[in-house]
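The values are calculated or read from the model by the stated rules, or taken from the named source; none is laboratory data. Values in this document were obtained by computation on a predicted structure and should not be read as measured data. Note that we place each Cβ from the backbone using ideal geometry, even for glycine, and neighbour counts take in every protein chain shown.
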Amino acid sequence: MLRTRFPVPTQKDDPAEAQIVSHRLMLRAGLVRQASAGIYSWLPMGFRVLKKIEDIVRAEQNAAGAVEVLMPTIQAADLWKASGRYEDYGLEMLRITDRHEREMLYGPTNEEQICEIAAEFLKSYRDLPKNLYHIQWKFRDELRPRFGVMRGREFLMKDNYSFDVDAAASRLSYHRMFLAYLRTFQALGLTSIPVRAESGPIGGDMSHEFVILADTGESGVFCDRGILDHPVPGPVYDDPEELQRIVDQWTGPYAATDDMHEPERFEREVPEERRVEARGIEVGHVFYFGTKYSEKLGVVVDLPDGSRVPVEMGSYGIGVSRLVGAIIEAGHDDRGILWPASVAPFQVGLANLRQNDPACAECAAAMYDSLTGAGVEVLYDDRDERAGTKLADLDLLGFPWQVVVGPRGVAQGVVELRARATGESAEVSPEDALQRIQGA
RNA sequence: CGGGGCGUAGCGCAGCCUGGUAGCGCACCUGCUUUGGGAGCAGGGGGUCGCGUGUUCGAAUCACGCCGCCCCGACCA
């Protein structure tokens, strides 16, 4: 992609309204633009990141056996009246009236809607289990939106819903999603910690929040170092015993955010040298809620003995748009963003420091062609800008690799290849640069 | 929703107290000189001063009302 075709409104100055680093960097790097409080437009660069995260989440959901659907953003109030939540949900729910004076709402979540859909095709125990997900915009009219996309009113979320014949089967679904989350966050380049969450209406041990570590995170995290040392398991979704073992391994050691933290227990259970106190950001939530919605919305199946029971359900959320901010919180320095390769909008930022120099232009164009020809995503800064401007932009935008073409190197037949995260740099031939990038 | 603050050019701000028809830096446009870490000089374009009402000969400035945005708190993916 040529920078001259790809609008990236970067800014040198910090916007006054942005308090936390990810919000500042997202505005400075031209990823988003605020439309209203807690509502953002996604500009080209931010949109690419959002889509990459979405794709990774989708791939892991599919691998775990979930099936994608797409439900609407606008829902009928009648549905919510059936579950009793229309009154309960309060002012966070954005209520809308259409031209026929019909009460509608912009969905803050989709339990009711998925139940209505599932009731269509779940008739028998033989139709179970099922696990459906969608990735859709939600709206919660927060009292106080803040922190940019981290706490917006409109946000993109992956939510899925499991349907099982009984509690034991539902536990297996829960375990599958638990593993899917560990794998998803790893694939996003993050370190995640499952922490016990406020138990749902059913109680028990089936509610966890997934927190990713970031120095500037909003929540305090207290855990046993053992959790951080576990390797993330492979996709063993079809092995119930192994899944149970994995969940036990990850939920056994102490882990809590500050709202659920019990200092005495922490000190009693975790040896001093293994105690970790860090900051984190909540990016996912898995929980089991039994028959709460299936009962009220009539998602019932016949059992072999002819009796009829409501299905056991769980729901599982990942804040996709929030993750863009969270990933920046987890990876940045004083010059800009440090994207993990898996979600970087481009793998390579190519900067030609002397656009109007024919030799440089030729070298940069050749470098661009060989990278794109090899299937590498590269943003070529072909603007007629000064070296400092381009280099500062490269750092701000945070591409994992920087390839710098300038008159100094071109005279020797080399380009400068730099790794954004480590700052390591080498003067290499264009061919070597391509090879090193491909080999990484 | 309670408490606090701010709305002046795309971004950051001054001007307001003490009314006289809008200014600075960055960004943008033109030219020249520059050219490996956000250049220099010269010239230039861009603003319903958030909106409304009022006071006044005259309002960015004073008064009242409204709207928007930000921060702290309670609440949350």
* **Failed item in (1) touching a Lys or Arg at 6+ places or on another chain (Cβ under 8 Å); (2) surrounded by fewer than 22 Cβ atoms within 10 Å (Cβ to Cβ), with A:TRP401 passing the rest** => (2)
* **Residue check for A:ASP215: more than 16 Å from RNA strand B (Cβ to nearest atom), among the acidic types (Asp, Glu) and within 28 Å of A:LEU70 (Cβ to Cβ)** => no
* Asked: Do we have A:GLY84 as in contact with a helix residue (DSSP H, G or I) (Cβ under 9 Å, 6 or more places away or on another chain) and on the phi > 0 side of the Ramachandran plot here?
  -> yes
* Those residues of region A:150-177 which are within 15 Å of RNA strand B (Cβ to nearest atom) and touching a strand residue (DSSP E or B) at 6+ places or on another chain (Cβ under 8 Å), in sequence order -> A:MET150, A:GLY152, A:ARG153, A:GLU154, A:PHE155, A:LEU156, A:MET157, A:LYS158, A:ASP159, A:ASN160, A:TYR161, A:MET177
* Enumeration of residues in region A:72-93 that are within 16 Å of RNA strand B (Cβ to nearest atom), part of a helix (DSSP H, G or I) and surrounded by 13 or more Cβ atoms within 10 Å (Cβ to Cβ) -> A:ARG85
* To do: Determine, yes or no, whether A:VAL414 is hydrophobic (A, V, I, L, M, F, W, C), out of contact with any Leu (no Cβ under 9 Å at 6 or more places or on another chain) and not assigned by TED's automatic domain parsing to the domain that holds A:SER192.
  => yes
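Residues checked against (1) modelled with pLDDT of 95 or more; (2) more than 12 Å from RNA strand B (Cβ to nearest atom); (3) small (Gly, Ala, Ser); (4) not in a helix (DSSP H, G or I):
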{"site": "A:ASP13", "(1), (2), (3), (4)": "no, no, no, yes"}
{"site": "A:ALA16", "(1), (2), (3), (4)": "no, no, yes, yes"}
{"site": "A:GLN19", "(1), (2), (3), (4)": "no, no, no, yes"}
{"site": "A:ARG24", "(1), (2), (3), (4)": "no, no, no, no"}
{"site": "A:GLN34", "(1), (2), (3), (4)": "no, no, no, yes"}
{"site": "A:ARG58", "(1), (2), (3), (4)": "yes, yes, no, no"}
{"site": "A:ASN62", "(1), (2), (3), (4)": "yes, yes, no, no"}
{"site": "A:LEU70", "(1), (2), (3), (4)": "yes, yes, no, yes"}
* **Subset of region A:197-212 that is closer than 18 Å to A:PRO253 by Cβ and modelled with pLDDT under 85 - its residue that is nearest to RNA strand B (Cβ to nearest atom)** => A:ALA197
* Being assigned to a strand (DSSP E or B) and either β-branched (Val, Ile, Thr) or crowded, with 20+ Cβ neighbours inside 10 Å (or both), is that true of even one residue in region A:164-172? -> yes
* Only one of A:GLY226, A:GLY189 that is buried (at least 16 other Cβ atoms within 10 Å of the Cβ), modelled with pLDDT of 95 or more, among the small types (Gly, Ala, Ser) and closer than 30 Å to A:PRO271 by Cα -> A:GLY189
* Asked: For region A:358-380, does any single residue satisfy the condition of being more than 22 Å from A:LEU27 (Cα to Cα), surrounded by fewer than 14 Cβ atoms within 10 Å (Cβ to Cβ) and within 13 Å of RNA strand B (Cβ to nearest atom)?
  -> yes
* Complete set of residues in region A:311-351 that are under 30 Å from A:GLU295 (Cα atoms) and either modelled with pLDDT under 95 or more than 16 Å from the chain's Cα centre (by Cα) (or both) -> A:VAL311, A:GLU312, A:MET313, A:GLY314, A:SER315
